[in-house]
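Below is one structure; the comments refer to it alone.
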Ligand code: AMP
Ligand code: MG
């Protein structure tokens, strides 16, 4: 840190060392998507619980149809009909059949299901007696089977999907749609997960107004609260957006106090060296704060520490720079990993590609630069150009960009034609497969 600046890696390491995994909560399945499972799940019963039909057709004993063919169908009397959700009244008598629907339990005695298409049901119905009104039954008394099938065909055995007692899901797994389906099929209405982090978001500044309000001279709209809330949601955490804090001790103190129940506290602005920036003073008084200069561009000023709650416990706090692009990029580099750690999720880094530069970039002062870039795939190669001006206040550049060209600290310049590293921004991963 000869220049008084900390590397991106060291800053991240220090932050992660001080955030802990959150407690668990029992949530309904409807609220469990994208949460991390906090218990092992063992099957309390077989799935399916009983052998059932894989087709609409006729339940038979395979040996009763062993001589069946299209030329000489085996004709069996129909002794019942079983729909999904019902069970046969008795066992299937030898030499008989029951009409059965997909998912219906196989009657005792039957071992095979002949699909409708392999019987003469359609022909019989066309020529035969009319269907009884409103009745489930086909109205037929007997059916001709046109194929011999090996025993067990079209029968789904009990436990085919899940065996009773088997460990179906493991603690630490990320719950996706299929996981929720499996939990539901095991009869679980709720599941224990690591609870989502609540992230307090506090924008600070006398100049800020909320969208929808009129702007006075010198004022600007608060955009950071909106980008930060959206980024927080994208991590699966819950944003708690606080009203803007003005640049005075009383208001800052009150607004900070109103968000201390959160699991993580993010402030925007007030960490650079501006004259009116009281944030530092207030934060230092409310907890222990480190102010860092991180060797990156944009996003050099960063604060990290702990805020004290009234009960003496602490909430980790990240003070992000106010410039709108810096806010987005420092969230991605530092806040996102912290939230993922808290929620027990593996941090999947944004995919990194190598792209041929179509514009040079000058790294003026030996920081790691995150340069907003537009990546295009042509043929098998990626090409990158810049979005234009790279000022940390040029927020529309983040709308244009689909990637960040990462220029290392020790590279003063990257040249046209060079292959450089580009981190794809969230939502643009599909570029990899285009
Ligand atoms: P500061 O760190 O307070 O000096 O702020 C740095 C720059 O970011 C200034 O130009 C602020 O006006 C701007 N800024 C601070 N907070 C926000 C915000 N919530 N939304 C948009 N711009 C902001
Ligand atoms: Mg300010």
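The values are calculated or read from the model by the stated rules, or taken from the named source; none is laboratory data. Note that the structure is a prediction, hence the values are computed from the model and not measured. For neighbour counting, all protein chains shown are included, and Cβ atoms are generated from backbone atoms with ideal geometry for every residue, glycine included.
For the stretch 265-284, the criterion of a residue being more than 16 Å from ligand 2 (Cβ to nearest atom) and modelled with pLDDT of 95 or more is satisfied by at least one position. Taken as a whole, the structure places residue 201 among residues that are within 16 Å of ligand 1 (Cβ to nearest atom) and either in contact (Cβ under 8 Å) with a residue 40 or more places away in the chain or under 21 Å from the mean Cα position of the chain (by Cα) (or both). Looking at the stretch 109-124, can you tell me whether even one residue there is under 23 Å from residue 48 (Cβ atoms), part of a loop (DSSP other than H, G, I, E, B), out of contact with any strand residue (DSSP E or B) (no Cβ under 7 Å at 6 or more places or on another chain) and without any contact (Cβ under 8 Å) to a residue 24 or more places away in the chain? No, the stretch 109-124 has no match at all. With respect to residue 18, determine if the residue is touching a residue at least 60 places away in the same chain (Cβ under 8 Å), within 26 Å of residue 158 (Cα to Cα) and out of contact with any helix residue (DSSP H, G or I) (no Cβ under 6 Å at 6 or more places or on another chain). So residue 18 fails the test.
Out of all the residues in the stretch 60-71, is one or more surrounded by fewer than 14 Cβ atoms within 10 Å (Cβ to Cβ), over 26 Å from the mean Cα position of the chain (by Cα) and within 28 Å of residue 185 (Cβ to Cβ)? Scanning the stretch 60-71, I find no residue that is surrounded by fewer than 14 Cβ atoms within 10 Å (Cβ to Cβ), over 26 Å from the mean Cα position of the chain (by Cα) and within 28 Å of residue 185 (Cβ to Cβ), so the answer is no.
Filter the stretch 239-271 down to the residues that are away from ligand 1 (no atom under 16 Å from the Cβ) and touching a helix residue (DSSP H, G or I) at 6+ places or on another chain (Cβ under 7 Å), then identify the one that is farthest from residue 329 (Cα to Cα). The extreme case among them is 253. Quick check on the stretch 130-151. Is at least one of its residues over 29 Å from the mean Cα position of the chain (by Cα), within 16 Å of ligand 1 (Cβ to nearest atom) and at pLDDT 95 or above? Looking through the stretch 130-151, none of the residues is over 29 Å from the mean Cα position of the chain (by Cα), within 16 Å of ligand 1 (Cβ to nearest atom) and at pLDDT 95 or above. Among the conditions (1) within 15 Å of ligand 2 (Cβ to nearest atom); (2) buried (at least 21 other Cβ atoms within 10 Å of the Cβ); (3) over 28 Å from the mean Cα position of the chain (by Cα), the only one that residue 296 does not satisfy is (1). Annotation note: of 208, 169, the sole residue that is farther than 30 Å from residue 40 by Cβ, touching a residue at least 24 places away in the same chain (Cβ under 8 Å) and either assigned by TED's automatic domain parsing to the domain that holds residue 66 or surrounded by 14 or more Cβ atoms within 10 Å (Cβ to Cβ) (or both) is 208. Would you point out which residue out of 360, 346 is surrounded by fewer than 23 Cβ atoms within 10 Å (Cβ to Cβ), at pLDDT 95 or above and more than 16 Å from ligand 1 (Cβ to nearest atom)? Checking each option against the conditions leaves just 360. Every condition in (1) in contact (Cβ under 8 Å) with a residue 40 or more places away in the chain; (2) farther than 30 Å from residue 172 by Cα is met by residue 350 except one, and the failing one is (2).
When the residues of the stretch 211-232 are filtered to those that are surrounded by 13 or more Cβ atoms within 10 Å (Cβ to Cβ) and in contact with a strand residue (DSSP E or B) (Cβ under 7 Å, 6 or more places away or on another chain), the one that is farthest from residue 264 (Cα to Cα) is 219. Taking the criterion of being touching a helix residue (DSSP H, G or I) at 6+ places or on another chain (Cβ under 8 Å) and within 14 Å of ligand 1 (Cβ to nearest atom), the residues of the stretch 212-238 that qualify are 223, 224, 227, 228, 231. Of all the criteria given as (1) touching a strand residue (DSSP E or B) at 6+ places or on another chain (Cβ under 8 Å); (2) assigned by TED's automatic domain parsing to the domain that holds residue 319; (3) surrounded by 14 or more Cβ atoms within 10 Å (Cβ to Cβ); (4) closer than 21 Å to residue 20 by Cα, the one not satisfied by residue 174 is (2).
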